[in-house]
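Bear in mind that the values in this text are calculations on the coordinates, not laboratory data. Keep in mind it's a predicted model, so treat the numbers as computed, not measured. Heads up, the Cβs are rebuilt from the backbone with ideal geometry, glycines too, and the neighbour counts pull from every protein chain shown.
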Amino acid sequence: MLGEVDLQAADVAAEAAASASATALATAWARDWGLGLPVTTAIVVMTRAGTSVRCLLFRSIYYTWAAFRARSIVATMKVRDMRKLVQLRPVSLNATERRLSSCFDIADLRRVAKRRIPRPVFDYVDGAADEEIAVKANEAAFRAWRFQPRALAGVGTLDTTTQVLGSALPVPLLLGPAGYTRMMHPDGEIGAARAALRHGVPYILSTMAATGIEELRGAVGGASPGSLWFQLYVTRDREQAHDLVKRAADNGYGTLVVTVDTVVAGNRVRDLRNGLTIPPSLTLGTVVQVGAKPGYWWRLLSGPALDYANFAGGPRTTIRQTAEFFDPDVTWADIEDVRSRWAGKLLIKGPLGPADARRAVELGVDGLLLSNHGGRQLDRAVAPADLIAPVREAVGPSLTLLVDSGIRHGADVAVALALGADAAVLGRAYLYGLMAGGTAGVDRALDLLTSQFRSTMQLLGVTSVAELRKRGRELITRAAS
Ligand code: FNR
């Protein structure tokens, strides 16, 4: 009886024999029909080559054929006749503009980012903790809701404005904190903040940013305290954390967001596999990538050095080593301590359930940002979308409730508000834009989400954010599973 290995070997031999005889047959036909050397070569390549070469050859033949056909059609038509049939679209000479104008949703921006950015950097943004269950579940949790629109509501006049912590926003969106944003594009934190300000929405600078508290303030001098927020990690070195709080206050950041889900570093498997370091190290792998994505490396290497700007002079470190910043012994006493040091608005960011939410309110916080860090910390942590309704019920109607993790479409923002949130915070949605086209890419992400949110409201039959929040539960229903 033949064993498994013998059977496989027999299959391989049979396939090779079949392929060789197909080539021989095709070559003989080509010769018999007088098709000459080029066609014979093409047939040989087709029957022998790998799939990608075959595709390339097919495409070249198809395009050559199409070009000949087009030439003969054009030759038989007058240019005047053609102009009636086709509208000439102006083509932008600016490559970034051209690239971004072909992106029609956040998924398009993600695709462009993936094409343009070296794999370890793209993975740093796109990846999450462990098996990446939470990141997928976050998006699914927003998509699990269906709209039940109101018909004929007269939605020609639309009011998308809202209030967050006393500031009026034209749309219920904020740009969330992200570490090392300048690694994604040299425009980095400053570019993202400028795009946010242009759209009238707040920008939250991360403790782990590649642009310092003072540097960002200098770059966006006119920004009001309501539009510039700072995100704090209560670091192992408490003096360092207190210093960050003081610097944020001195530089006119109006709101402090304390992230509480990072008492230890998340286990980001993609980063570990890629051996990601901050700043990127020059290894053999990096050199290969320089060749593959020269534009990215040129932009990175011609800009200022990349580091944790809020801890200037820090050593080169791997993502794993950032663990040393974090303190597993952070407790509610630290929140009390921060509250006593910070006179501005204070928010807590994490996957807070109703009990933790009530406790935070007792300690005098001004709001909560429901978040599981985009699935980058505790994999399988509950999706923040599913926390909105129970937490809103626990804290009452007036506490500021924001949500992030999984916002990829204006419809997600509408669902968040209908469930009881005041506004949605963007993470990857704007970072994909940044990677795809710098500041203009963040603008594009904000434009797309705003326009999706507006049309969702109109098609839903609501004319204001206030109405969406008030009647939210009548307007959405869980999808049948
Ligand atoms: C983050 N996030 C984050 N949060 C925070 O409090 N401090 C930080 O320094 C960072 N850094 C960071 C870097 C990158 C690359 C990402 C993608 C995210 C989490 C962020 O603020 C937000 O909670 C999530 O991004 C929301 O999930 P989605 O919408 O991006 O899936």
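In percent, rounded to a whole number, the relative contact order of segment 103-478 is 29, using alpha-carbon pairs under 8 Å and six or more apart.
Looking at segment 103-478 alone, DSSP beta bridges between its own residues are antiparallel in about 25 percent of cases.
Could you please state, rounded to a whole Å, how far the C-alpha centre of segment 432-481 is from the C-alpha centre of segment 81-155? If you average the Cα positions of each part, the centres end up 13 Å apart. For the peptides 91-99, 139-147, 428-436, the ranking by mean Cβ contacts within 10 Å, running from highest to lowest, is 428-436, 139-147, 91-99.
Take peptides 292-304, 343-355, 182-194 and line them up by average Cβ neighbours within 10 Å, highest first, as a rough protection proxy.
Ranked from most to least packed, the peptides come out as 182-194, 343-355, 292-304.
Note on D447/R299: beta-carbon distance plugged into 1/(1 + (r/R0)^6) with R0 of 25 Å gives a FRET efficiency of 0.60.
Listed by chain and number, the lysines placed with their C-alpha closer than 30 angstrom to that of K84 amount to none; residues fewer than eight positions away on the same chain are left out. Among the trypsin sites (Lys or Arg not before Pro) in segment 195-275, those placed in a DSSP loop whose Cβ has at most 16 other Cβ atoms within 10 Å are R236.
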